[in-house]
């Protein structure tokens, strides 16, 4: 009887504590929410950059009523309001068979998860997906940035952007390696050397 009581108490105690197994008990955070990456995900630094940033590579297909875009670019053309420093004017443009099309729109910064600085940029990447929250995966705050593109369809997707002064070259390290690691799937390259002859 004493032995049965000990076994019952042992079973109760073991059932009240988490069990260690060979399987991982926690899930690794996504790179956009991993605190080890926060120093590379400050969107307030990215929106201060000047000049055009060309979409060098992306992991999603883009189709529009005008056809498939080539030479896609983004640039901040209007600064933040003095009080909040969260609202900007973003210009997105691309070349189509009929010529260049560009459009200006609001871009709003916000934080996600435990980020100490804004890491989310809310804007419309394309009309079909509407307004979405896109997270900064990585930036060297100079020539290369990786954006996690949110769409209505299954994802995740990414854009790798290079500054106009660096767009003809390969992405620098570690930007290139982070893109390969964080952004799986088929790759599309809308940028070519003749993009800058707008």
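The values are calculated or read from the model by the stated rules, or taken from the named source; none is laboratory data. Because the structure is predicted, anything quoted here is derived from the model rather than measured. Glycine also receives a Cβ, built like all others from the backbone with ideal geometry; neighbour counts cover every protein chain displayed.
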Q) Tally time: how many residues in region 1-43 are closer than 27 Å to residue 168 by Cα and either assigned to a loop (DSSP other than H, G, I, E, B) or modelled with pLDDT under 95 (or both)? A) 2
Q.
Can you list residue pairs whose Cβ atoms sit under 9 Å apart, with the first residue in region 51-64 being on the phi > 0 side of the Ramachandran plot and the second being in a strand (DSSP E or B)? Count only pairs 6 or more apart in sequence or on different chains.
A. 51/75; 51/163
Q: Please go through region 155-166 and pick out each residue that is surrounded by fewer than 23 Cβ atoms within 10 Å (Cβ to Cβ) and within 12 Å of residue 142 (Cα to Cα).
A: 163, 164, 165, 166
Q) What's the number of the condition residue 141 fails, among (1) in contact with a strand residue (DSSP E or B) (Cβ under 8 Å, 6 or more places away or on another chain); (2) touching a residue at least 40 places away in the same chain (Cβ under 8 Å)? A) (1)
Q: Quickly run through region 105-119 and pick out the residues that are in contact with a helix residue (DSSP H, G or I) (Cβ under 7 Å, 6 or more places away or on another chain) and surrounded by 17 or more Cβ atoms within 10 Å (Cβ to Cβ).
A: 109, 115, 118, 119
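For residue 114, state whether it is more than 15 Å from the chain's Cα centre (by Cα), assigned to a loop (DSSP other than H, G, I, E, B) and at pLDDT 95 or above.
yes
Being part of a loop (DSSP other than H, G, I, E, B), in contact with a helix residue (DSSP H, G or I) (Cβ under 9 Å, 6 or more places away or on another chain) and modelled with pLDDT of 95 or more is the filter here, so list the residues in region 121-173 that pass it.
First, pick out the residues of region 121-173 that are part of a loop (DSSP other than H, G, I, E, B): 125-130, 140-143, 150-156, 164-173.
Next, only the ones that are in contact with a helix residue (DSSP H, G or I) (Cβ under 9 Å, 6 or more places away or on another chain) stay: 140-141, 143, 156, 164, 167-168, 170-171.
Within region 121-173, 140, 141, 143, 164, 167, 168, 170, 171 qualify.
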Q) Which one of the conditions (1) surrounded by 23 or more Cβ atoms within 10 Å (Cβ to Cβ); (2) without any contact (Cβ under 8 Å) to a residue 60 or more places away in the chain; (3) over 26 Å from residue 67 (Cβ atoms) does residue 147 fail to meet, given that it meets all the rest? A) (3)
